[in-house]
Structure formats: structure tokens, C-alpha cells
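A short worksheet on the structure shown next.
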Amino acid sequence: MNYKTNIRPAWVVLLMLLGFAIIFILAKRNDTVSPVSQKTQQVEPESKTIFDILSFKNAPENENCLKCHGQSKYTFENNESGKMVNKRMYSELIVSRNDFYVSNHRQFKCTDCHSEDYGTFPHSGNLRMEAKATCIDCHGGDEKYAKFEFEKIDTAFMASVHSQKHSEDFTCWMCHNPHTYKINARSNENLKETIAYDNLICLNCHGDIKNYQLLTDKKKPNLIDKHDWLPNQASHFTSVRCIECHARNEDTLIVAHHVVPKAMAVRKCESCHAKNSILYASLYKYQVEENIQKSGLIKGLFFRETSTIGPDQNQTLNIISLCIFGLTLGIIFLHAIFRYKNSK
Amino acid sequence: MNSHNERLYLYPVWIRVWHMTNALLCLILIITGLSIQFSNPSTVVKFKVAVSVHNIAGTILAISYALFFIGNLFTRNGVFYVIEVKGFLNRMMAQFRYYTIGIFRNESPPFPVTVNSKFNPLQQFSYVALMYALVPLVILSGLGLLYPEITVNSIMGASGLDITDLIHLAAGFLITIFMCIHIYFCTIGKTPTSNFKSMIDGYHESH
């Protein structure tokens, strides 16, 4: 054998590894999405959306309200002094036009939900006592909205820790602002965006001390510290919705609303990284079905039953592996028998 | 060609230490890997324990592989893995014929072990495939699963993590198959145990 004319395989592998590293770095450049940039992706397109506001059905009428409530200050004439006065608008009374006109309720006029009496200024003090409609008030029992299963959501929410602990203070609006709410899980094909959008709803209170304190006198826990037991924390935060572990998942509801007390939250890796995992119940079940139709051969053929790491196996591959393994042992066994007989 | 009963010093200490470490780690990784893959409450090794042990053993294996890799770049041992392409297929077939027919007719092995040629063509092929394809694949994919953040998000529309997982499982499975065959073939020596002894004292006994 002439060693000098041949190359040691280790050098070949080393070169391949180098090439692989370059491809890897290039590929990572294209698809790295940090939690921060996800948040920006989520928020910025809406705030930068350019559209003709007046093209919306009730926009001209809504402008009567938004000329004050659409900005951080409002101006009125003082009847006694006759002077124009600028006042700061309370932040919770501000409705962003950009957010409202991309929301699900964008075709509504303000007085569809609020009293007609708001048409006069200054508004009567009694109007503050106005009862606010909940989702069920409009969407309950309506065939048109049956697929959204508002009644099931309402039942799940009523059983949730949010409803149980905070009584009537905690309404749908705590998480779904009717002025800005936009359907997401069903319409967005970008899984990461859906996850970021849904988690932002939780973080609005659990990540913001000002909103958190509106509902409780408890000290707000540090979410990073509370989840320090979680391996690959950053990945979990960007790839899993809070509700996957903190709400009871039901097959029929795409978005679980039965948020459970923290002691009942999922803490076992196997619950997700295992056969029949809870993730199959909602979002991922929906996504996998969609993916088989959309993403073609590789995913459709090989990853029908797989989710992430662990035992969500492809049964066909299992059977093939078992056959190869059995065959190998069988051949070894026969070979050994023949050798033994031959040696006698 | 060596005379009968010649003892050749073929396995220096570093090779033997590496080989034993590797064998032990592979066994641990196969057992814990199976426990993770087929995890259920009745699995012999608990999921949490299996994951930790698998991660630690995998990391040590990667380090041990790096030492093997460097060793074979710069020491004489790397020469045994160099494949002479010309006529290699025929030589492999000759070795295959020996294992399937010749061995039962008490023929002499077609490629006896010498100081310059430690492996027969089939060994050479399988060891190169194992050490320079499967093991690097299993280590790199393992790294991608250990730190999912570094894994590419999508490859041709499929999840990067799923592909990495599949590569890891497939490579791990093939290594397991290799181990079964490797251990059995080690019984084909001067005596059924002589090759195992070689890996302890470093001397190969020709038959």
C-alpha cells in the first residue's frame, strides 16, 4: 500500500467540517430570530401600517372620538375664560388608530359598544359607570361565530385562576383589548409570530409591574428566575406559548383559556417531549395538520408523528429499525452456530 | 506475511485507553438513548437521569473523539485508515467471501494482520465509515440537540430540529448495529477471546 499517495480520512473530514461550519454560519444568519427582533416584528408592522383610514365604513364618525382619544392630549375651549386649553389624555383612554384599524373590530363605530351620550362634550360623569360588553354579549350563541367556540372559551375562562382569583375585575379585556385585538393563531402561518403574539398577552401583566399591580398587591415574581429550572430557557420562551404549560389544554380549543394555578403548571419534560404529549392537543396538532398539506415531501413523509426531541416516533421507522436489528442479530447467530459446528 | 503465533504490538496505550473509553461511553449512550427515545414511566432508566447521563457521556465522547481525531491526523495510526481506492472493491469482496464461505472451510484469512496493515478491507471500510462519517454526524447532531439555539430553524421547509433529531437517531442506530457486528467479529481471532485480550495488553496474536 502506498501511503504517501493517499490522504488520511481525518483530513477530508476536517475540510468537510470547515465547509459545514461556513454553510452553518450562513444558514444561521438567515434564520436567527432573537426574542427582541420577534417582538419588533410583531409590533412594528402594525405601527407602521400605511392605509387610508377614511376607507373604513365608520371612520368619519369615529374620528369625532379619535381626534381626542387617538392622541395623548386633547384640546377644548374653556367656556368661562374663552381660552383654548390643552389637557393630557389618560393613557388607558387612548386608542391608537393604527392598532384599531387593523384589529378585528375595525369596521365598528365607537358608539356600537359605547353610549351615544359620549357624543356630547364634556362627557357626563355617569357614563363612567357604563357596563362594558364582554365577548359573549355579542359573540355568544351566534351561528356565525360558532367555529370560534366562544361558549367553551367562556366556560374555560370562568374555571381559570384569572377568573376565580380576581372575580369580576378580570374580564376578557384584560388580555384581549377590543380596540386592538386581532385574531392570530388561526390566521398567521408563522408559528414563531403566533407564539410571540400570544406570550405578549401574558407579559402585558406578568412582565409589567404597572399592570400587574392593578390586580394584586403581591410582589411580581421575576419570570426568568421562576423558570430557571427550565433547560434552554430562551428557546422555550420563543418556541412555546406560556399557556401550553400554564393552562389546561383541550383538544377542541385551539387556544386554551383555563389558566391553572402555578402549582399545577407543567414541569415535566416528558409531558411535552413524549408520546401523546399535551402539545398534540392544541397549537401543534393544528400546525402539524396544516404542515402536511403545505410543506410537502420531507415534513409530510417523515415528520408526521414527530414533534421535537424524544419519543414522538415515526412508527414506520421504528418497524424498519427493529427489522434491521433483528436481521443483524439473526445473521450473527447463524454465523456463530456454523462456526461452532465447523470447529468441531 | 507473519509466521504463526507471532505477537505483534499493534495497539499503543493511547489507542487502548481511547478504545475502552469509547466502548464504555457508547454502551452508556445506547442504553440512555433508548431510554429517552422510548421514555415511559416504566423505563429502566428514569427520563431525567437518562437525559443527564446521555448529555454528559455524549460530551465526554466528543472530547474523546477529538483526541482520536487529532491522534490519527498526526500519528502513524492514521495510516491504517487510508484506503487504497484501486481494487478496493475486489479486496472487500474477497474478505466478504472469506467471512461467508472461506471461514467455514478453514481457509486462511485473505488479508492477515501485519504491522503495516492492521485492518482487513471490510474493517477498513466500516471503521472509516464509522469514525469519519457516523461518529462526527452523531456528535454534531447531538450538539445541535443539546443546544437547540444553535440548530438551524428550517431545512427545506422542514424543522431543523426534527432533521437533526432524525440524523442523530439514524446515526446512533447504525452505530449500535456496528457495535453488535464489531463485538461478534472480535470473536474471530486465534481464539474467541484473543482479540479482546489484544485490546488490553496491546499485542495481536496472528492465527
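The values are calculated or read from the model by the stated rules, or taken from the named source; none is laboratory data. This is a predicted model, so every value here is computed, not measured. Because the Cβ atoms are built from the backbone with ideal geometry, glycine has one as well, and the counts that use them run over all protein chains shown. The area values use the complete protein model at the heavy-atom level, side chains included, leaving out ligands, DNA and RNA. Shrake-Rupley method; radii C 1.70, N 1.55, O 1.52, S 1.80 Å.
Determine if region B:172-182 includes at least one residue that is within 21 Å of the chain's Cα centre (by Cα) and among the polar types (S, T, N, Q). Scanning region B:172-182, I find at least one residue that is within 21 Å of the chain's Cα centre (by Cα) and among the polar types (S, T, N, Q), so the answer is yes. For region B:170-192, the set of residues classified as modelled with pLDDT of 90 or more and open to solvent by 60 Å² or more (accessible area, probe 1.4 Å) consists of B:Leu174, B:Ile181, B:Ile183, B:Phe185, listed by residue number. Across region A:169-212, the qualifying residues are those that are touching a residue at least 40 places away in the same chain (Cβ under 8 Å) and basic (Lys, Arg), and the one among them that is farthest from A:Thr111 (Cα to Cα) is A:Lys192. The set of residues in region B:120-140 being within 11 Å of chain A (Cβ to nearest Cβ) and either among the polar types (S, T, N, Q) or more than 26 Å from B:Ile177 (Cβ to Cβ) (or both) consists of B:Gln124 alone. Condition first: without any contact (Cβ under 8 Å) to a residue 12 or more places away in the chain, facing chain A (nearest Cβ under 10 Å) and on the phi > 0 side of the Ramachandran plot. Can you find one or more residues in region B:48-60 that meet it? No, there is no match, as no residue in region B:48-60 is without any contact (Cβ under 8 Å) to a residue 12 or more places away in the chain, facing chain A (nearest Cβ under 10 Å) and on the phi > 0 side of the Ramachandran plot.
Among the residues of region A:90-110, those identified as over 24 Å from the mean Cα position of the chain (by Cα) and part of a loop (DSSP other than H, G, I, E, B) are A:Tyr90, A:Ile94, A:Gln107, A:Phe108, A:Lys109. Yes or no: region A:133-148 includes at least one residue that is of a type in the set (A, V, I, L, M) and more than 27 Å from A:Gln107 (Cβ to Cβ). Among the residues of region A:133-148, not one is of a type in the set (A, V, I, L, M) and more than 27 Å from A:Gln107 (Cβ to Cβ), which makes the answer no.
Residues that are within 25 Å of B:Tyr147 (Cβ to Cβ) and of a type in the set (Phe, Trp, Tyr): find the helices (runs of 4 or more DSSP H) completely inside region B:1-116 holding 3 or more of those.
Details: elements: B:13-37, B:47-74, B:88-100.
Ranges flagged: B:47-74.
Please work out if A:Asn232 is under 24 Å from B:Ser35 (Cα atoms), at the interface with chain B (Cβ under 9 Å from one of its Cβ atoms), open to solvent by 30 Å² or more (accessible area, probe 1.4 Å) and at pLDDT below 90. Taking the combined requirement at face value, the residue satisfies it.
When you look at B:Phe111, is it free of Cβ contacts under 8 Å to residues at least 60 places away in the same chain, over 30 Å from A:Ile22 (Cβ atoms) and more than 8 Å from chain A (Cβ to nearest Cβ), yes or no? Here the answer is yes, as B:Phe111 does meet what is asked. Across region B:106-115, the qualifying residues are those that are in contact with a helix residue (DSSP H, G or I) (Cβ under 9 Å, 6 or more places away or on another chain) and of a type outside the set (Gly, Ala, Ser), and the one among them that is least open to solvent (accessible area, probe 1.4 Å) is B:Pro109. What number goes with the only condition from (1) small (Gly, Ala, Ser); (2) away from every other protein chain (no Cβ under 12 Å); (3) farther than 30 Å from A:Pro231 by Cβ that B:Ser117 does not pass? Among (1) small (Gly, Ala, Ser); (2) away from every other protein chain (no Cβ under 12 Å); (3) farther than 30 Å from A:Pro231 by Cβ, B:Ser117 violates only (2).
For B:Thr100, the conditions (1) within 13 Å of chain A (Cβ to nearest Cβ); (2) farther than 23 Å from A:Ile7 by Cα; (3) open to solvent by less than 40 Å² (accessible area, probe 1.4 Å) all hold with the exception of (3). Quick check on region B:185-197. Is at least one of its residues touching a residue at least 40 places away in the same chain (Cβ under 8 Å), within 26 Å of B:Val82 (Cα to Cα) and in contact with a Leu (Cβ under 8 Å, 6 or more places away or on another chain)? The answer is no, given that none of the residues of region B:185-197 is touching a residue at least 40 places away in the same chain (Cβ under 8 Å), within 26 Å of B:Val82 (Cα to Cα) and in contact with a Leu (Cβ under 8 Å, 6 or more places away or on another chain).
For region A:131-141, give me each residue that is in contact with a helix residue (DSSP H, G or I) (Cβ under 8 Å, 6 or more places away or on another chain), surrounded by 11 or more Cβ atoms within 10 Å (Cβ to Cβ) and free of Cβ contacts under 8 Å to residues at least 12 places away in the same chain.
Correct list: A:His139 only.
Within region B:85-97, if we keep just the residues that are within 11 Å of chain A (Cβ to nearest Cβ) and open to solvent by 50 Å² or more (accessible area, probe 1.4 Å), the residue that is farthest from B:Thr176 (Cα to Cα) turns out to be B:Lys86. Scanning region A:242-281 for residues that are more than 17 Å from A:Ala156 (Cα to Cα), hydroxyl-bearing (Ser, Thr, Tyr) and open to solvent by 30 Å² or more (accessible area, probe 1.4 Å), we see that the one that is modelled with the lowest pLDDT is A:Tyr280.
Here is a list: A:Phe76, A:Phe121. Which entry is among the aromatic types (Phe, Trp, Tyr) and open to solvent by 70 Å² or more (accessible area, probe 1.4 Å)? Talk me through it step by step, then tell me what you get.
Details: A:Phe76 fails: open to solvent by 70 Å² or more (accessible area, probe 1.4 Å).
Matching residue, one of A:Phe76, A:Phe121: A:Phe121.
Only one of the listed residues (A:Ile209, A:Ile224, A:Ile183, A:Ile201) is within 25 Å of A:Arg97 (Cα to Cα), surrounded by fewer than 15 Cβ atoms within 10 Å (Cβ to Cβ) and of a type in the set (A, V, I, L, M). That residue is A:Ile183.
Okay, residues lined up against (1) of a type in the set (Ser, Thr, Tyr); (2) within 10 Å of chain A (Cβ to nearest Cβ); (3) open to solvent by 60 Å² or more (accessible area, probe 1.4 Å):
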| residue | (1), (2), (3) |
| --- | --- |
| B:Gln37 | no, yes, no |
| B:Val45 | no, no, no |
| B:Ala62 | no, no, no |
| B:Tyr65 | yes, no, no |
| B:Ile83 | no, yes, no |
| B:Phe104 | no, yes, no |
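Among the helices (runs of 4 or more DSSP H) confined to region A:119-227, the ones with at least 3 residues that are in contact with a strand residue (DSSP E or B) (Cβ under 8 Å, 6 or more places away or on another chain) are located at A:150-159. Annotation: B:Leu143 fulfils all but one of (1) closer than 22 Å to B:Tyr65 by Cα; (2) at the interface with another protein chain (Cβ under 8 Å from one of its Cβ atoms); the unmet one is (2).
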